[in-house]
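The values are calculated or read from the model by the stated rules, or taken from the named source; none is laboratory data. If you're wondering where the values come from, they're calculated on a predicted model, not measured in any experiment. Cβ atoms come from the backbone with ideal geometry, glycine included; neighbour counts cover every protein chain shown.
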Amino acid sequence: MVGDYDPSGEHLFNALAEDVIAFALAAGAEVEFERVAVTAEQVTAYNLPTAPPKATDRRSFSGTATTQAEALPPDILAAIVRQAIEARRDPVVHQRTLEREEIERQAVRERLGPG
C-alpha cells in the first residue's frame, strides 16, 4: 500500500488491512498487506520534506515527523511500486497468464471475423 507517513496514513493502512484480511479469511483465502511507501526509511533515503504531527490527532503513530505520499517523485514512487510487485510475482504463473491471454485474444478475433 502507498500512503502518507502520518497518523491518518497508518490508521488507514491498519483499518484496510484488518477489513480485507477478515473478508479474505471468510472466503477461505489468505492476504498479506505491506506498506511499500511512504516509510520512515524512504523519508530519510530520499530526504523527503517533513512536518510535525498535528497536535489534535491523538491516534498512535510510530514516527516523530510526517510526510505526504506526494513528496515522493512520481518516477521513484513508480519504481518502488514496480519492485514490490515484481518481488511477489511468480514468473512462471505470469508467463502462463500471458500465453493464455494471447490464446483468448486470438479466439475473440476469430469469432469477430475479418475486420
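Could you say whether any residue in the range 67-74 is within 20 Å of Ile85 (Cβ to Cβ) and in contact (Cβ under 8 Å) with a residue 60 or more places away in the chain?
yes
Scan the range 6-21 and give yes if some residue there is surrounded by fewer than 16 Cβ atoms within 10 Å (Cβ to Cβ), assigned to a loop (DSSP other than H, G, I, E, B) and without any contact (Cβ under 8 Å) to a residue 60 or more places away in the chain, otherwise no.
no
Consider Pro53 carefully, then state whether it is surrounded by 13 or more Cβ atoms within 10 Å (Cβ to Cβ), outside any helix (DSSP H, G or I) and modelled with pLDDT under 95.
Against the criterion (surrounded by 13 or more Cβ atoms within 10 Å (Cβ to Cβ), outside any helix (DSSP H, G or I) and modelled with pLDDT under 95), Pro53 qualifies.
Residue by residue through the range 22-45, note down the ones that are surrounded by fewer than 14 Cβ atoms within 10 Å (Cβ to Cβ), under 14 Å from the mean Cα position of the chain (by Cα) and not hydrophobic (A, V, I, L, M, F, W, C).
Glu32, Glu34, listed by residue number.
Quick grid of which residues meet (1) at pLDDT 95 or above; (2) surrounded by 15 or more Cβ atoms within 10 Å (Cβ to Cβ); (3) in a loop (DSSP other than H, G, I, E, B); (4) in contact with a Leu (Cβ under 7 Å, 6 or more places away or on another chain):
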position: Asn47; (1), (2), (3), (4): yes, no, yes, no
position: Arg58; (1), (2), (3), (4): no, no, yes, no
position: Gly63; (1), (2), (3), (4): no, yes, yes, no
position: Glu70; (1), (2), (3), (4): yes, no, no, no
position: Ile80; (1), (2), (3), (4): yes, yes, no, no
position: Arg96; (1), (2), (3), (4): yes, no, no, no
position: Glu110; (1), (2), (3), (4): no, no, no, no
